[in-house]
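These notes concern the structure reproduced below.
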Amino acid sequence: MNKIYEKTIRALFFKFDPEKGHEIVKKFARFPIPTFCRDTTELNVRIKNYKLRNPVGLAAGFDKDAKMISLLSSLGFGYLVIGSVLKQESMGNPKPRIVRYENEQSMVNSMGLPSVGIDKFVKNYLDSIIRTDIFISIAGNTLKEFIDVYKIVKKLTPFIELNLSCPNTENGRLFQDADNFETLAEYVSKLKDGIIFVKVSPVINRKDAENLITIVELCKKFNIDGITAVNALPVKEKSISVGYGGLSGKKIFNFMLNTISLIKEYSNDKLILNACGGIFNSEDAFKALILGASTVQVYTSLIYKGPCITCEIKKGINVLLKKNGFKNLEEVIGYKSKLSNK
């Protein structure tokens, strides 16, 4: 099915500007379709007191405004991350702001966190047909904005992802700084109701590693449940209006694995990990799960490989479970660290 998608639908959509193609999809996404592929109990994954039907999630950014939930929740995902949503409406950065690297199955975006604002977001959400678990990603330019949005969205879902690390806005990485994050984590912990993840940038140098280790310690201190790693990698890109953006897709896969490994090493199994970045098939997903991720998130691979990617990853994980002698997904998660501790 993916080959058909690549040669027909993707070939057609790639003739358009990336944002134009995305807008066309939005027009049809208000309507559900028959649910793709059934889930097996072997792929169930537990997140604290909640059970997800499978570990494959859609990463934040694909449906920023909660307009496509009805369609996306029919595609076999274990969960969708919707957003990031801001308190006020925002237009984001000027166009052009997306460029594809087709030969490398990657892309750079400098969207700049466009958002319809929390009020319209909530209306869209409540108007949707929801067939899977929903995580909501939130962002803010100030501490107050983060807190105000959190108070609203925690009433909609128990799963919230705090976007600390948007690489293409002026204040998008403000709360990735450990000192600023400490203030945010302390405030959110007092309002906490449900499960909270924070989304972090990939580690590319020692300074990044030291900062991330501090964030891990603060998550444990303030009862933050987990970390999504990673957001897009900051890069320069001349063809984008602002001259820089966030790289996603195949080219950041190893950055993601290294970041997951670092978090796992310092978390003492106290944090739930979501792996995000360059996952295109079941083998990619399996590598992240063995390192300690409980779930995996896709975005760029959905664009390049089409809506059947979710089912293919799930089927492939089931094959790898049997091939490697695992009874279920829970036995796989963090298997590498379990071996080293024996």
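Data overview
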{"quantity": "Karplus-derived 3J(HN,Hα), 6.51/-1.76/1.60, for each residue of segment 152-158, Hz, glycine and proline x", "calculated": "7, 6, 5, 7, 9, 7, x"}
{"quantity": "For Cys219, Cys166, Cys311, Cys276, order by how many other beta-carbon atoms lie within 10 Å, fewest first", "calculated": "Cys311, Cys219, Cys166, Cys276"}
{"quantity": "Interchain or long-range residues, amide H under 5 Å from Thr228's placed H", "calculated": "Val198, Lys199, Val200, Asn274"}
{"quantity": "Virtual spin-label span in nm between Lys26 and Lys120, 7 Å along Cα→Cβ", "calculated": "0.8"}
{"quantity": "Amide proton proximity set for Phe135, modelled H, under 5 Å, gap of 5+", "calculated": "Leu80, Val81, Ile82"}
{"quantity": "³J(HN,Hα) computed for each position of segment 319-331 - Karplus, 6.51 cos²θ - 1.76 cosθ + 1.60, integer Hz, glycine/proline x", "calculated": "5, 5, 4, 5, 4, 9, x, 8, 7, 7, 5, 4, 6"}
{"quantity": "Residue (of Gly249, Gly325, Val56) at the positive-pole extreme of segment 2-340, dipole from beta-carbon charges", "calculated": "Gly325"}
{"quantity": "³J(HN,Hα), Karplus 6.51/-1.76/1.60, whole Hz, each residue of segment 49-58, x for Gly, Pro", "calculated": "8, 10, 10, 8, 6, 7, x, 9, x, 8"}
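Computed from the coordinates by the stated procedures, all read-outs in this text should not be read as laboratory data. Note that the structure is predicted; figures quoted are calculated from it, not measured. All Cβ positions, even for glycine, are placed from backbone atoms using ideal geometry, and neighbour counts span all protein chains on display.
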